[in-house]
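Encoded as structure tokens, the structure appears first; notes follow it.
The values are calculated or read from the model by the stated rules, or taken from the named source; none is laboratory data. Nothing here was measured: the structure is a model prediction, and the numbers come from that model. Here the Cβ positions follow ideal geometry from the backbone for every residue, glycine too, while neighbour counts run over all protein chains shown.
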Amino acid sequence: MFGGRRRDQHGGSGSTPAAVRLDSVRKTYGKGDSAVEALRGVDIALDYGSFTAVMGPSGSGKSTFLQCSAGLDQPTTGAVILDGVDLTGMTEVQLTELRRERVGFIFQSFNLLPALTVEQNVTLPMKLAGRKIDRNRVADVIRRVGLEQRRTHLPGELSGGQQQRVAIARALVSEPAVVFADEPTGALDTRTALEVLDLMRESVLVSGQTIVMVTHDPVAASHADSVIFLIDGQIIGQLQHPTAEAVAERMTHLTAMVERPQRSFSLSQQGTDRRGRGGNY
């Protein structure tokens, strides 16, 4: 199995702790007249074993949402609780240790070290954290991402899709509480992107991995359990059981809203989705 925190251990709703929770999170860059509010009172809880896509027009706050949720940046006000740990007031050293122990990352640019083999790249975070490496688990994860025959290859000997598979294995091998993915298929062709998304989806369905993925691609978002939509630093809607067509339609609507700056983005002013697929815009 891929590993991760299983649904039967942490999943569900109600009083069950969330894998990631943001409480009234605001993030402001700059001061005075030059201040930019990237997040404006975000409240959301993401369950263990869920796959959530985050979408919105350019400048909506997607990247800031991911950075604050993953402990890469501190909110100006509000609280972020990651795997039961309140990140408020933690030092950078403490945050680094927490990310090593509880978080996996998948980036568009792969971020592999060119002088290390596939297996060495996969195990590098555990070595840096001083953790004992379970060679059987490493071999199993590499096999599950389809690279068993390329364990000793260098990144330069792999295709883009294979390099992203290495990045996925690296993110999953330490059994993180949450994997954060930032445009993980942005540099891949359509066929390879679908293969990578299927691997991510499999890790959720088979092993209860929790994934939070920022994407601009409706097809990528359709692999998630739900999609949350941001505009101007606010969550203004959510779509359950998304299809690529429904996500694309929603994004077209949101982009039109951004182009009409006088229009309010308040949830109370949004109509329900006539298709009945997930609530408000």
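Couple of notes before you dig in:
- Residues in the stretch 212-238 that are hydrophobic (A, V, I, L, M, F, W, C) and farther than 20 Å from residue 198 by Cβ: 228, 229, 230, 231, 235, 236.
- Of all the residues in the stretch 235-257, those that are crowded, with 20+ Cβ neighbours inside 10 Å and of a type outside the set (A, V, I, L, M) number 3.
- Here residue 188 meets the list (1) more than 14 Å from the chain's Cα centre (by Cα); (2) among the aliphatic types (A, V, I, L, M); (3) closer than 25 Å to residue 78 by Cα almost entirely, failing just condition (3).
- The condition of being within 18 Å of the chain's Cα centre (by Cα), within 24 Å of residue 238 (Cα to Cα), surrounded by fewer than 19 Cβ atoms within 10 Å (Cβ to Cβ) and small (Gly, Ala, Ser) does not hold for residue 78.
- Extreme residue, surrounded by the fewest Cβ atoms within 10 Å (Cβ to Cβ), among residues of the stretch 19-37 that are at pLDDT below 95 and either assigned to a loop (DSSP other than H, G, I, E, B) or in contact with a Leu (Cβ under 8 Å, 6 or more places away or on another chain) (or both): 31
- Look at the stretch 133-161: where a residue is at positive phi, no partner that is modelled with pLDDT of 95 or more sits 6+ places away or on another chain with Cβ atoms under 6 Å.
- Of the set (1) under 23 Å from residue 104 (Cβ atoms); (2) assigned to a strand (DSSP E or B); (3) not acidic (Asp, Glu), all apply to residue 63 but (2).
- When residue 179 is tested against the conditions (1) crowded, with 21+ Cβ neighbours inside 10 Å; (2) modelled with pLDDT of 95 or more; (3) part of a loop (DSSP other than H, G, I, E, B), the lone failure is (3).
- Enumeration of residues in the stretch 173-188 that are among the charged types (D, E, K, R) and out of contact with any helix residue (DSSP H, G or I) (no Cβ under 8 Å at 6 or more places or on another chain): 175, 183
- Conditions (1) in contact with a strand residue (DSSP E or B) (Cβ under 7 Å, 6 or more places away or on another chain); (2) farther than 19 Å from residue 102 by Cβ; (3) of a type in the set (Gly, Ala, Ser); (4) not in a helix (DSSP H, G or I): number failed by residue 246: (4)
- Meets criteria (crowded, with 21+ Cβ neighbours inside 10 Å, at pLDDT below 95 and not hydrophobic (A, V, I, L, M, F, W, C)) for residue 125: no
- The set of residues from the stretch 81-100 being surrounded by fewer than 18 Cβ atoms within 10 Å (Cβ to Cβ) and assigned to a loop (DSSP other than H, G, I, E, B) comprises 84, 88, 89, 90, 91.
- Failed item, numbered, when residue 194 is tested on (1) crowded, with 23+ Cβ neighbours inside 10 Å; (2) over 24 Å from residue 100 (Cα atoms): (1)
- Some residue of the stretch 133-154 being within 22 Å of residue 212 (Cα to Cα) and surrounded by fewer than 21 Cβ atoms within 10 Å (Cβ to Cβ): no
- Counted residues, the stretch 47-90 - those being touching a helix residue (DSSP H, G or I) at 6+ places or on another chain (Cβ under 8 Å) and of a type in the set (A, V, I, L, M, F, W, C): 11
- Test: residue in the stretch 103-115 that is more than 18 Å from the chain's Cα centre (by Cα), over 19 Å from residue 179 (Cβ atoms) and either in a helix (DSSP H, G or I) or of a type in the set (Ser, Thr, Tyr) (or both): no
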